[in-house]
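Everything below concerns the one structure shown next.
The values are calculated or read from the model by the stated rules, or taken from the named source; none is laboratory data. For clarity, every value in this text was computed on a predicted model and none was experimentally measured. No Cβ is skipped: glycine too gets one built from the backbone with ideal geometry, and neighbour counts run over all protein chains shown. Ligands, DNA and RNA are stripped out before the accessible areas are found, and what is left, the full protein with its side chains, is counted by its heavy atoms. Shrake-Rupley method; radii C 1.70, N 1.55, O 1.52, S 1.80 Å.
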Amino acid sequence: MSRGARRAGAGQGAAAAVQLLVTLSFLPSVVEAQVTGVLDDCLCDIDSIDNFNTFKIFPKIKKLQERDYFRYYKVNLKRPCPFWAEDGHCSIKDCHVEPCPESKIPVGIKAGSSNKYSKVANNTKELEDCEQANKLGAINSTLSNQSKEAFIDWARYDDSQDHFCELDDERSPAAQYVDLLLNPERYTGYKGSSAWRVWNSIYEENCFKPRSVYRPLNPLAPSRGEDDGESFYTWLEGLCLEKRVFYKLISGLHASINLHLCANYLLEETWGKPSWGPNMKEFKRRFDPVETKGEGPRRLKNLYFLYLIELRALSKVAPYFERSIVDLYTGNGEEDANTKTLLLNIFQDTKSFPMHFDEKSMFAGDKKGAKSLKEEFRLHFKNISRIMDCVGCDKCRLWGKLQTQGLGTALKILFSEKEIQKLPENSPSKGFQLTRQEIVALLNAFGRLSTSIRELQNFKVLLQHSR
């Protein structure tokens, strides 16, 4: 090679290095510039949410998730996929979920029914259970197993009318308690066609979208030149508020889960000891405005929108937990009292937030049309909760089920305002009930969103340090 050619090559290498440095230094400002300002379809700005979450919510919700009442979640990870033949369960060791031994479950949780909150309620419910068992005993002797299942399903039907999720039957032998602290949500290596199929089914079949409209970055979309998803967002803006909200909730949930995976990524494994931490390359692949053609910042804004929805639900459901009948019973009186105090403290913070989403703007048209749309909304989301049983990785399935159930519970709360206002102080309500499973999912799902927003702040700092 001639000396001139070497000089030219060195010059090109230096230019490339300078360009790389410029790109790296520019990236944080691009991310921050595009994930800021006032959110669409509400009057809240991202900086306010960041500050509120960092200084008020995150430290408290993290402590709450460590309490016994909220760390043990009963779930059935063996329910078959109702929509397609399963591809088989993931064999990667990090996909495995370790169920909790019976001896580790607090006695008040283990012995409790799904609707038991206090010691008094436990004793009362046990008498009711005995009476119900006696009544069913005579019937059971003449029913086939199939008929018994149908009878149980029929008995549960009325209770499910306001549910936005398909709840696991906690009485099923396949349902097990899981310690959420010992099975954290993080990157497991589960990816490829199985994982893509789940999300594709959620977006393509349940988000009120015609098949002729393609989501940005959808690998099945035909080549559209310089469109970059603009036709999708033109279509989305033309939808009614309720259907736009539905899409944003799903997109926000997807973004939140992706953030958890980026923040808790398997970095290396030496001598059988894994090291987990933030993966900058993975974060940029999923959210960088250049690599995602502007889609990443939109997804992150939807995360903030979802946070606002669940924050609003917590502020609305506070009266339910402020009643003396609700003790968050585990059998440990002192811890139960401290847990309830901490929870009520969080509710006070949620009520103090000045820029809540106004759920009354939804389903506000003529009564018949609004009722029909609300039911369609509910059934679409319920379908998504069933798709979670198609996830091949057990750990991903666990956290997918918990977070969809938490969001479904938040939606149930938002559209049960009248029933919550009529709650009796010292007795269970027939009009509005939350099971322990719903309560645990609601607070842990919001805890995941709070953590996502905190992790996003951490990634911004790491990007700045990488310049």
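Being modelled with pLDDT of 65 or more, over 30 Å from GLY294 (Cα atoms), assigned to a helix (DSSP H, G or I) and touching a Phe, Trp or Tyr at 6+ places or on another chain (Cβ under 9 Å): is that true of ILE49 here? It is false that ILE49 is modelled with pLDDT of 65 or more, over 30 Å from GLY294 (Cα atoms), assigned to a helix (DSSP H, G or I) and touching a Phe, Trp or Tyr at 6+ places or on another chain (Cβ under 9 Å).
Figure legend. Inter-residue proximity from segment 277-304: first residues farther than 22 Å from LEU407 by Cα, second residues open to solvent by 10 Å² or more (accessible area, probe 1.4 Å) and small (Gly, Ala, Ser), beta-carbon distance below 7 Å, spacing 6+ or different chains. Indicated pairs: PRO278/ALA263; MET280/SER466.
If you go through segment 23-41 and keep only what is open to solvent by 20 Å² or more (accessible area, probe 1.4 Å) and modelled with pLDDT of 85 or more, you end up with THR36, GLY37, VAL38, ASP40, ASP41. Between THR292, THR350, the distinction of being among the hydroxyl-bearing types (Ser, Thr, Tyr), part of a loop (DSSP other than H, G, I, E, B) and open to solvent by less than 10 Å² (accessible area, probe 1.4 Å) belongs to THR292 only.
Applying the criterion of being in a helix (DSSP H, G or I) and β-branched (Val, Ile, Thr) to the residues of segment 167-210, the residue that is farthest from CYS390 (Cα to Cα) is ILE202. Filtering segment 220-237 to residues that are modelled with pLDDT under 65 and either of a type in the set (Ser, Thr, Tyr) or surrounded by fewer than 13 Cβ atoms within 10 Å (Cβ to Cβ) (or both) leaves SER223, GLY225, GLU226. For segment 281-326, the tally of residues that are farther than 27 Å from GLU237 by Cβ, of a type in the set (A, V, I, L, M) and at pLDDT 95 or above stands at 3.
Within segment 428-443, is even one residue at negative phi, part of a helix (DSSP H, G or I) and open to solvent by 40 Å² or more (accessible area, probe 1.4 Å)? Looking for residues that are at negative phi, part of a helix (DSSP H, G or I) and open to solvent by 40 Å² or more (accessible area, probe 1.4 Å), one finds none in segment 428-443, hence no. The residue pairs whose first member lies in segment 171-195 and is surrounded by fewer than 16 Cβ atoms within 10 Å (Cβ to Cβ), whose second member is at pLDDT 85 or above and not in a loop (DSSP other than H, G, I, E, B), and whose beta carbons are closer than 7 Å, counting only pairs six or more residues apart or on different chains, are SER172/ASN76; ALA174/ASN76; LEU181/ARG71. For segment 303-344, filtering for residues that are polar (S, T, N, Q), part of a helix (DSSP H, G or I) and open to solvent by 20 Å² or more (accessible area, probe 1.4 Å) leaves 2. When ALA370 is tested against (1) in contact (Cβ under 8 Å) with a residue 24 or more places away in the chain; (2) open to solvent by less than 60 Å² (accessible area, probe 1.4 Å), just one condition goes unmet, and that condition is (1).
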